[in-house]
Amino acid sequence: MIAAFTLLSYHIGLKNNHYVARTMVFGTLCLARLFHSFNCRGTKSIFEKKIKNKAMLISFMVGALLLNLALFVPFFQKIFLAFPLSSSEAAFMFVNAALPTVILQIILFFRYKKRKRAR
């Protein structure tokens, strides 16, 4: 699912040029992997119970901060060969990165409710 949304980001980025597409792929993949950590934490959905693992939340925030530095700070853009994104391209990239996790968490939520009713 992450691959499908990454390809969608690439396709949208190509409407501008291949540098934007490459930057959107980099951002989508990195952020999607950070979001995916919420899918790996257990069988219950994050909608079902609060996340109590502070280390996981802190590591997510640090990773997202570092990614944003690489994507949006000119000094780091040169190091990572990231091309400046418009606000709509950045928003699309962030949404594409989050959607796989949101979809999987919704599936987990309903799967857990179904199991709970079966008992």
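Every read-out reported here was derived from the displayed coordinates using simple, explicitly stated rules and does not represent laboratory data. Small disclaimer: the values here were computed from a predicted structure and weren't measured. Every residue, glycine as well, gets a Cβ built from its backbone with ideal geometry; the counts of neighbours run over all protein chains shown.
Answer yes or no as to whether ALA70 is surrounded by 14 or more Cβ atoms within 10 Å (Cβ to Cβ) and in contact with a Leu (Cβ under 9 Å, 6 or more places away or on another chain).
On the way: surrounded by 14 or more Cβ atoms within 10 Å (Cβ to Cβ): yes; in contact with a Leu (Cβ under 9 Å, 6 or more places away or on another chain): no.
No, not satisfied.
Among residues of region 1-29 that are over 16 Å from ALA98 (Cβ atoms), those with a Cβ under 6 angstrom from a residue that is hydroxyl-bearing (Ser, Thr, Tyr), sequence gap 6+ or separate chain, pair up as ALA21/TYR10. In region 51-69, how many residues are part of a helix (DSSP H, G or I), in contact with a helix residue (DSSP H, G or I) (Cβ under 7 Å, 6 or more places away or on another chain) and without any contact (Cβ under 8 Å) to a residue 24 or more places away in the chain? Summing the residues that are part of a helix (DSSP H, G or I), in contact with a helix residue (DSSP H, G or I) (Cβ under 7 Å, 6 or more places away or on another chain) and without any contact (Cβ under 8 Å) to a residue 24 or more places away in the chain in region 51-69 gives 1. In the set PHE109, PHE83, PHE92, only one residue is assigned to a helix (DSSP H, G or I), under 18 Å from SER9 (Cβ atoms), aromatic (Phe, Trp, Tyr) and in contact (Cβ under 8 Å) with a residue 12 or more places away in the chain; that residue is PHE92. Of all residues in region 78-106, those satisfying the criterion of being more than 14 Å from CYS30 (Cβ to Cβ) and surrounded by 12 or more Cβ atoms within 10 Å (Cβ to Cβ) are PHE83, PRO84, GLU89, PHE92, VAL95, LEU99, VAL102, ILE103, LEU104, GLN105, ILE106.
Taking (1) surrounded by 15 or more Cβ atoms within 10 Å (Cβ to Cβ); (2) farther than 24 Å from PHE109 by Cα; (3) under 17 Å from the mean Cα position of the chain (by Cα); (4) not small (Gly, Ala, Ser) in turn, VAL20 satisfies each apart from (3). Listed conditions (1) buried (at least 16 other Cβ atoms within 10 Å of the Cβ); (2) over 16 Å from LEU104 (Cα atoms) are all met by SER59, apart from (1). Among the residues of region 24-47, those identified as under 12 Å from the mean Cα position of the chain (by Cα) and not hydrophobic (A, V, I, L, M, F, W, C) are GLY27, THR28, ARG33, HIS36, SER37, ASN39.
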